[in-house]
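**Student:** Have a look at this one before I ask anything.
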Amino acid sequence: MSTTTTTPTTPAASRDTEPAGLSEGAAGADPGAELRSVARRLPTGVTVVTSGTGDAAHGMTVSSFTTLSLAPPLVSFSVRTGARIRGPIEATGAFVVNLLAAEQEPLARWFADPDRPTGAAGFHGGFPGGVRTAEAPGGGLLLSGAVGYFACRLDRLVEAGDHVIVIGAVERCRTLRPAGVPALVFADGGFHAPGPRLPG
């Protein structure tokens with residue numbers, strides 16, 4: 001009497017399968033390019049960091065801003081090691097983080113332009129109508145129309161690869177616009193206004 005041995009099969013629905021996109025990258029792929037490709041999908045707030053006043057003032061669009069600690073109150077952002085904003089921050093020991101409103105996309109583009117002038121001309125020359133500002137105590141400029149701001153004292157700089165992490169101790173912060181005014185968001189390589197709040 002002969003017997004036949006069969007190998008059990010796993011139903012297709014329960015087989016271990018790898019989700020699309022989790023397979024190992026192609027040989028020779030640039031890890032930096034892959035990191036940027038994935039990171040750009042994460043929406044971030046858009047800020048303009050300012051430091052210094054008068055001819056020594058400088059501003060830069062930054063989307064890496066985050067809060068670090070409530071006690072003590074600390075915030076941070078990161079920029080490339082050679083970013084021009086680093087000079088006035090180190091010189092004055094202070095900076096201001098301006099949270100942009102959705103309607104301020106032109107300002108975000110202006111302060112992200114590497115060819116914009118430095119000093120006072122970066123605020124009052126080149127940008128149509130100029131950039132309305134007010135000096136913040138301790139150094140840095142407040143941008144008119146911003147959703148809010150954090151005025152900070154430099155706590156430390158942390159070198160990290162090709163970037164430097166700027167950590168600031170918050171000395172004052174304030175909301176400047178009503179809750180219904182949306183903040184500017186950056187995602188998928190472009191600027192956006194937040195969509196409707198999801199239910200629940």
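The values are calculated or read from the model by the stated rules, or taken from the named source; none is laboratory data. Small disclaimer: the values here were computed from a predicted structure and weren't measured. Quick reminder, even Gly has a Cβ in these numbers, built from the backbone with ideal geometry, and neighbours come from all protein chains shown. What goes into the accessible areas is simple: the full protein's heavy atoms, side chains included, and nothing from ligands, DNA or RNA. Shrake-Rupley method; radii C 1.70, N 1.55, O 1.52, S 1.80 Å.
**Student:** Determine the share of the chain's accessible area contributed by carbon and sulfur atoms, expressed in whole percent, with a 1.4 angstrom probe. Walk me through the intermediate numbers first.
**Tutor:** On the way: 6860 of 12310 Å².
Here carbon and sulfur together make up 56 percent of the probe-accessible area.
**Student:** If you don't mind, another one. If contacts are Cα pairs under 8 angstrom and at least 6 residues apart, what is the relative contact order of the chain in percent?
**Tutor:** That works out to 24 percent.
**Student:** Order the peptides 54-64, 187-197, 160-170 from the highest to the lowest mean number of other Cβ atoms within 10 Å of their residues.
**Tutor:** Highest to lowest by the protection proxy: 54-64, 160-170, 187-197.
**Student:** Additional query: For the stretch 59-104, what Kirkwood radius comes out of the mean inverse Cα-Cα distance, in Å?
**Tutor:** 12.2 Å
**Student:** Round to the nearest 0.05 the FRET efficiency obtained for Leu35 and Arg177 when R0 = 30 Å and r is the Cβ-Cβ distance.
**Tutor:** Efficiency for this residue pair is about 0.35.
**Student:** Taking the square root of 5 times each eigenvalue of the Cα gyration tensor, what semi-axes in Å does the equivalent ellipsoid of the chain have, largest first?
**Tutor:** Semi-axes, largest first: 45, 20, 17 Å.
**Student:** May I pose another question? Mind checking which of Gly161, Leu107, Leu42 is farthest towards the positive end of the chain's charge dipole, using Cβ charges of +1 (Lys, Arg) and -1 (Asp, Glu) about the Cα centre?
**Tutor:** So the residue we want is Leu107.
**Student:** For the stretch 134-200, what's the radius of gyration and Dmax over Cα atoms, in angstrom?
**Tutor:** Reported Rg and Dmax, both Å: 15.7, 42.
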